[in-house]
Structures are given as C-alpha cells and as structure tokens.
Amino acid sequence: MSIFEYAPAPESRAIVDIKGSYGLFVNGEFTDGHGTPFKTVNPATEEVLAEVAEADASDVDAAVKAARKAYDKVWGPMPGRERAKYLYRIARILQERAREISVLETIDNGKPIKESRDVDVPTAAAFFFYYAGWADKLEHSGYGSTPLGVAGQVIPWNFPLLMLAWKIAPALACGNTVVLKPAETTPLTALLFAEICQQADLPPGVVNIITGAGATGETLVGHPGIDKVAFTGSTGVGKAIARTVAGSDKKITLELGGKAANIVFDDAPMDQAIEGIVNGIFFNQGHVCCAGSRLLVQESVADEVLERLKRRMSTLRLGDPLDKNTDVGAINSAAQLARIHELSDVGEAEGAGRWSPECELPANGFWFPPTVFTGVSQAHRIAREEIFGPVLSVLTFRTPSEAVEKANNTPYGLSAGIWTDKGSRILDIAGRLRAGVVWANTFNKFDPTSPFGGYKESGYGREGGRHGLAAYLKGADA
Ligand code: NAP
Ligand code: MG
C-alpha cells in the first residue's frame, strides 16, 4: 500500500516461551480452573496460541478468599515503605523483560510491535514506578491512607498489560489486594505478569489473576467478598455492573467508551495536525477508548486537510504486527471486525463518502484498512456510536462555538483534541469541552502523573495521578 518498498523487519518471537496451557493464578500459585478451558489466538494469523483455564464461581470464590487473607494478614498491615519496595521491584522487572512482554502482547493482541514496545510496556512500568512513590506518602494524598480491602478488577483487550497496570499499581500502593480478570481474547500478558509477581516475591494472594469470559467477570463483580469494583470496558457492560453493585457497600469506578472530537482550526500547524489526526484514530487500530474518532475541521481548510490526510494515510503500512515498520496491525477479534464492518456499511448507507488507501489485506487473520468517511452529519450513526476501529468520521464547522457545540454533542465525554496556533483559543475551547482529557496540539499522550477518566456515559472515577488514589482509599468519601 505504500509508494516505497521496504524489506521486512520482523521482531523475533523466540524470546517468548508460550506454554500450551495456562492455569489461574490464585494465592501465589497457578492452579487448574473448574470451568471449560478456552483458546486464545493470534488475531494476525488465527493461530491458536494456548489453552487458558476458565474460572467458575468456586474459583472466583477461592481467589477472593486468598485476596482477603493476604489483605488481613500481610498486605494491609504492611508499612507503605515496605509495599513500595515490591512495586519498585515489579516496575524494574517489567523493564528488564520489556522485549519479551512486548512480543507477547503483540502476538496475543495484534497491535504493532512498535506500539507495544514504545507505549504499552514502558507506560505500564511507569505506572508502577509512579505509584510505588506514593505508597509511603498516602497521608499527603488528601484522601487519607486507609485502604478499602479487596478490589475486583475487570479489564478489556485493547491495552491488556497497560490496563492491568492502571488497575493494579494504585490498588497495591494504597494497601489493597486484588483479583483481576483480563479479557478473554488477551489473557497472556496478565498471566506473564502473574509470573512476574512470583519473581518479585510478592506475598501470595496480594495479586490474583482469574481468566475467563464475561460470565467470570460478572461473578467477580457480584461477589459479596469484594470491597471495590474497578471496570474498564464498554458502556453497556459498565451500566450492568453499576446496577449489580448498586445498594451494596462496594465502591466503584467505571472507565467506559468515548467518541472524541479532534478539532482542527484554520490556523493549526498543519503538518503536526495531520500527524495528530493519524495518531488519534489509527494508533492501536483505533481500538482506543479516547481515540479521536470524530475529526471536526474548520470549513476553510477542510479540503486541504482531507487531501493531506489521504496522502499520509497512503503511506501507512498495514501488516505483520511483529514487523518493526508496521503502523496498523490486526483487529483484535472476528467479533470486533464484524462490528467495524457493520457500522462502516451503515455509514455508507447513510450517505457518507467512504475512502481507504489502496491496501492489500493479509489472507489470514482479522484486518480492516484505515478508512475515512467524509460528509458526515451529526445524525449519522458513525458520528454518534463508538466504532472502536481504524475508521474516522469527518465533520466541518465554521466558528469556534459551532466546534464546541458539535464536540459536546455526544453521550460520551472522555477526551478531545484541539489544534490551533493560539494559546488563548486553546484555553477558551478546552474550558467549554465536556471531556475528561483535552489534548492541545498533540493527541493520545499518557502519563502516570496525569488523571484520566470521563464524563457522562464515559464513566466516573479517575485513573492516574494523585486523583487515581481516591479510587482505592477510604478517606476519599470524607
Ligand atoms: P466489554 O465487553 O465491556 O469487556 C470488558 C471486560 O469486561 C472484559 O474483560 C469482558 O470479558 C468483561 N465482561 C463482559 N461482560 C461482563 C459482565 N456482564 N460483567 C462483568 N464483566 C464483563 O468491552 P470490550 O468490547 O472488551 O472493550 C471495548 C470497550 O471498552 C469499548 O467500548 C471501549 O471504549 C472501552 N474501553 C474504555 C477504556 C477507558 O479507559 N475508558 C479503555 C479501554 C476500553 P470478555 O472480554 O472476556 O468477554
Ligand atoms: Mg488473543
């Protein structure tokens, strides 16, 4: 699909030892599950990678009990400065084994190796370093220093290790123990993380990893023995979990979907804006809750922006996720691919103009070409619903107020981007956007010191930064 020919530069997968089958990680040991084992595949090839245990209700119960015991006997009473040592140790091991983890993440998820290597794994380590620093300073957090107890955590497949780090690092720093369920299609880095917990000599039961599908997650969040539910995933499941938890004493944080506006004004630094649009929607195949999936471009520069964007999209390399030159990897699952096809077909039927660069898709695996829809109106489903794939909807605006009105016209409120030369305009627009995160002249930047989370149907609670501690401390209610 590129005007240039490149020699393939695949990263070797020899560094990873993928076992034939994996058990659950409960009380510091791998055990067989009592459910029906399932398979995880490489979405770029459809090759079966491993068989993974399914936790049934009795396994969930055992994991919660192990976490409770560890909380009561070891982790809760342990001074913060001692807990910090374990978190630092985990952070360093993540760095030491970064290459192995990146390759495994790419094989199980389909994301390009340059992203797992340069974003997912370093940011996961950074979260452990950052929250390790908080463990002995909680009295300065503003939320007290009393942990909640046992946290039940459920995460999605788009950033498997990074979402694990966002959940586990602050929970442990605050003195909680955890039971975490990774997504069915991407369990392998969470199970490698379990090995890392063993390597770090983390006391048994402090971290428990239970694999399975939605039913396992449902059992976990409904278990009476947990004190806190932390969920990242779709708005539909988030609402169901909120209903389950309502009326109980459990604390809850929800990080749900998004439909971010990326707003480009006519005075924007154009080359950077084009890169920002591309990064905003094609990073991680668009499987990003805060993806810049709605491009709002000022009418006077719309033609120029579109022309440049199409030219840039024509140079994106789609293919083998393990190749270091790959920009766009595989779609995570057949089910997700079907959803992207369905919504894209709806976009076409609704009358929007569909364009993709010439692009050869591999014969096996799940693939979708980078796609842009023009002439999109607010009423179109592709402007309102989360596609969660490499599909950009382009809308235009004339005035800053119209841009704000269109940007906020969504049930979501997770993130937004602003591209302009004027600092005063950035401050003005950012203040009027109902979005938890607003990036200015950049996009998709993640840092452990910065809180992340949404408004409206994007959920509630913050992850990252000092604010992220509130989700795991009792004093936050005060
Ligand atoms: P999902 O279906 O909601 O799944 C998320 C997790 O919940 C998975 O581990 C899933 O298990 C589990 N689950 C499914 N049904 C459940 C239930 N009834 N009770 C408890 N757990 C249940 O979402 P997804 O399709 O995997 O992920 C994509 C969505 O997540 C998108 O909408 C995206 O915007 C959102 N997301 C949000 C953020 C954020 O920070 N705000 C970050 C990433 C993703 P299985 O996968 O094994 O079925
Ligand atoms: Mg997989």
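The values are calculated or read from the model by the stated rules, or taken from the named source; none is laboratory data. Not measured: the values here are computed from a predicted model. Quick reminder, even Gly has a Cβ in these numbers, built from the backbone with ideal geometry, and neighbours come from all protein chains shown.
Side notes on the structure shown:
- Residues in the stretch 96-138 that are without any contact (Cβ under 8 Å) to a residue 12 or more places away in the chain and either crowded, with 24+ Cβ neighbours inside 10 Å or among the small types (Gly, Ala, Ser) (or both): none.
- Neighbours by Cβ (under 7 Å, 6+ apart or cross-chain): first from the stretch 394-406, closer than 12 Å to Gln378 by Cα; second among the basic types (Lys, Arg) and in a helix (DSSP H, G or I): Leu395/Lys406; Phe397/Lys406
- The residue that is farthest from Pro204 (Cα to Cα), counting only those in the stretch 153-169 that are out of contact with any Lys or Arg (no Cβ under 7 Å at 6 or more places or on another chain) and more than 16 Å from ligand 2 (Cβ to nearest atom), is Trp166.
- Hits in the stretch 361-381 - residues which are out of contact with any Phe, Trp or Tyr (no Cβ under 6 Å at 6 or more places or on another chain) and farther than 20 Å from Ala334 by Cβ: Phe373, Thr374, Gly375, Val376, Ser377, Gln378, Ala379, His380, Arg381
- Meets criteria (of a type outside the set (Phe, Trp, Tyr), more than 16 Å from ligand 1 (Cβ to nearest atom) and farther than 17 Å from Met163 by Cα) for Gly236: no
- Hey, Ala260 without any contact (Cβ under 8 Å) to a residue 24 or more places away in the chain and among the aliphatic types (A, V, I, L, M) or not: no
Residue by residue, here is whether (1) buried (at least 23 other Cβ atoms within 10 Å of the Cβ); (2) assigned to a helix (DSSP H, G or I); (3) of a type in the set (Val, Ile, Thr) holds:
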| position | (1), (2), (3) |
| --- | --- |
| Lys239 | no, yes, no |
| Gly247 | no, no, no |
| Leu254 | yes, no, no |
| Gly258 | yes, no, no |
| Asp267 | no, no, no |
| Val278 | no, yes, yes |
| Ile281 | yes, yes, yes |
| Gly292 | yes, no, no |
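- Considering each residue of the stretch 170-186 in turn, at least one proves to be more than 16 Å from ligand 2 (Cβ to nearest atom), more than 18 Å from Lys69 (Cα to Cα) and not in a strand (DSSP E or B).
- Any pair with Cβ under 6 angstrom, 6 or more apart, that starts in the stretch 458-472 at a residue that is free of Cβ contacts under 8 Å to residues at least 24 places away in the same chain and ends at one that is surrounded by fewer than 24 Cβ atoms within 10 Å (Cβ to Cβ): Gly465/Thr449; Gly465/Ser450; Gly465/Pro451; His467/Pro451
- Number of positions in the stretch 29-46 that are buried (at least 16 other Cβ atoms within 10 Å of the Cβ), assigned to a loop (DSSP other than H, G, I, E, B) and either more than 23 Å from the chain's Cα centre (by Cα) or among the acidic types (Asp, Glu) (or both): 3
- When residues of the stretch 304-335 are limited to those that are more than 25 Å from Arg13 (Cα to Cα) and buried (at least 21 other Cβ atoms within 10 Å of the Cβ), the one farthest from ligand 1 (Cβ to nearest atom): Val305
Per-residue answers, yes or no, for (1) assigned to a loop (DSSP other than H, G, I, E, B); (2) out of contact with any helix residue (DSSP H, G or I) (no Cβ under 8 Å at 6 or more places or on another chain):
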position	(1), (2)
Gly413	yes, no
Gly431	no, yes
Arg434	yes, no
Gly468	no, no
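- Given (1) modelled with pLDDT under 95; (2) over 30 Å from Thr420 (Cα atoms); (3) within 15 Å of ligand 1 (Cβ to nearest atom); (4) not aliphatic (A, V, I, L, M), index of the condition Gly257 fails: (2)
Residues are listed down the side, and each one gets a yes or a no for (1) closer than 16 Å to Ala53 by Cα; (2) in contact with a helix residue (DSSP H, G or I) (Cβ under 7 Å, 6 or more places away or on another chain); (3) within 11 Å of ligand 1 (Cβ to nearest atom); (4) without any contact (Cβ under 8 Å) to a residue 24 or more places away in the chain:
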position	(1), (2), (3), (4)
Gly149	no, yes, no, no
Gln153	no, yes, yes, no
Asn158	no, yes, yes, no
Pro170	no, yes, no, no
Ala173	no, yes, no, no
Glu184	yes, no, yes, no
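- For the stretch 92-126, taking the residues that are on the phi < 0 side of the Ramachandran plot and outside any helix (DSSP H, G or I), the one that is nearest to ligand 1 (Cβ to nearest atom) is identified as Lys111.
- Evaluation of Val26 against (1) surrounded by 16 or more Cβ atoms within 10 Å (Cβ to Cβ); (2) within 16 Å of ligand 1 (Cβ to nearest atom); (3) not aromatic (Phe, Trp, Tyr) (one fails), failing number: (2)
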